[in-house]
Amino acid sequence: MKTLSDLRAIKEKARKEMAAREQSAKYRVVVAMGTCGIAAGARAVMSAILDEINKRNIADTIVTQTGCLGYCDQEPLVQVAQADKETITYGKVTPEIARRIVVDHIAGDRIVSDHVFMQT
Amino acid sequence: MRELSLHILDVVTNSIEAAATRIIVFIEESIKHNYFRIRIRDDGRGMSEEMVKTVTDPFVTTRRTRKVGMGLPLLKQLAEACNGNLTITSAIGKGSEICVTMQHDHWNRPPLGDMAETVVNLIVGAPDIHFLYRHSTDAGHFTFDSIWFQARMAERNCTPYQLIGPAKEMIKQQLLQIEAGS
Ligand SMILES: Nc1ncnc2c1ncn2[C@@H]1O[C@H](COP(=O)(O)OP(=O)(O)OP(=O)(O)O)[C@@H](O)[C@H]1O
Ligand SMILES: [Mg+2]
């Protein structure tokens with residue numbers, strides 16, 4: 001059994017590690033999880049991204065979720081951001097396209113150009 | 001949406017957007033007493049009385065990207081189609097609780113679906129949030145705490161991605177043991 005102070009220590013350690021991971025992350029991936037995104041399959045898209053990242057042992061990428069991005073007809077939407085570079089937003093992402101985003105864009109530094117919805 | 005676990009993901013996303021730091025998902029289901037209840041509680045920014053009154057109307061949203069909010073109206077409609085209801089208790093600065101009750105054996109009630117996927121994706125995708133999932137049935141109950149996830153990560157010194165498989169497996173096993181999600 002863990003005591004309350006054990007738990008506090010775990011939380012604190014996790015928070016620090018998370019902050020460090022965020023600091024050093026090369027890529028930030030955001031999956032839109034508003035109602036429209038979820039209805040269009042965003043949960044499976046996120047799972048595919050997480051699974052592919054794990055398979056390839058990628059450590060320098062963080063994946064988070066957000067609400068509606070305002071382009072409901074393009075859902076599921078996935079954004080890939082990198083410091084000092086344009087943010088790429090992929091639209092109508094399927095689990096298969098999501099895996100390609102990890103393999104080509106995140107592991108290979110090549111944008112999956114045929115599925116880009118927006119560049120900002 | 002074909003699964004209750006997708007609606008749960010949707011409602012929890014509202015809590016995350018409301019800057020919650022602690023979120024509890026509590027599912028109580030009973031075949032004996034014929035009900036399926038989902039309660040989602042957060043410590044986010046909360047809603048005014050006025051907002052609570054109107055939030056299940058699809059034209060209400062505080063988001064600026066789109067004019068209508070769909071999540072809560074959809075879920076309310078579903079609850080009512082399953083001989084149940086949706087209630088919201090909330091106060092500004094205190095947090096919110098969404099409670100959905102449905103008739104367990106109602107033909108309109110979607111299955112629970114992949115709760116393990118919903119929970120684990122939330123823990124990985126919103127790592128700053130203390131997340132608690134509790135599920136009770138006629139056969140028993142269990143709790144999954146995001147602290148478990150963080151403790152394993154610290155112990156094994158691994159990435160969150162490496163724990164997704166084991167965490168999902170654990171939740172699935174526990175749900176099976178209490179005969180949940182039928
Ligand atoms: N847990 C919560 N805490 C604070 N405010 C909330 C919470 N849940 C909902 N709200 C408020 O109610 C509004 C409507 O929520 P709803 O889920 O129906 O739509 P939405 O989140 O705005 O958009 P959508 O779900 O369609 O992507 C939100 O914009 C928000 O202002
Ligand atoms: Mg919503």
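Every number here is computed from the coordinates shown, using simple stated rules; none is lab data. Just so it is clear, the model here is predicted, and its values are computed rather than measured. Please note: Cβ atoms are built from the backbone with ideal geometry, for glycine as well, and neighbour counts cover all protein chains shown.
Numbers at a glance
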read-out: Solitary cysteines of chain A, where the nearest other Cys Cβ is not under 4.7 Å; value: A:C68
read-out: Inter-site label distance for A:D73 and B:E80 at 7 Å from Cα along Cβ, in nm; value: 2.9
read-out: Local net charge near B:I171, Cβ-Cβ under 10 Å (Lys/Arg +1, Asp/Glu -1); value: -1
read-out: Reachable lysines from B:K32, criterion Cα separation under 23 angstrom, eight or more residues apart if same chain; value: B:K172
read-out: Full-stretch length increase - B:E179, B:E28 - with 0.36 nm per residue and alpha-carbon distance subtracted; value: 53.2 nm
read-out: Pairwise FRET efficiency - B:T21 versus A:A81, Cβ, R0 = 30 Å, nearest 0.05; value: 0.80
read-out: Proximal charge balance of B:E29 [Cβ under 9 Å; K/R count +1, D/E count -1]; value: -1
read-out: Beta bridges per DSSP with both ends in region A:1-107, % antiparallel, nearest 5; value: 55
read-out: Label-point separation in nm, B:T54 to A:K92, each point 7 Å along Cα→Cβ; value: 3.6
read-out: Loop chymotrypsin sites (Phe, Trp or Tyr not before Pro), region B:78-182 (other Cβ atoms within 10 Å of the site Cβ: 15 or fewer; DSSP); value: B:W107
read-out: Links that overshoot a 29 Å alpha carbon limit, given the list A:K55/A:K92; A:K92/B:K168; A:K11/A:K55; value: none
read-out: Anchor B:K53: lysines whose Cα lies under 30 Å away (excluding residues fewer than 8 positions away in-chain); value: B:K67, B:K76, B:K94
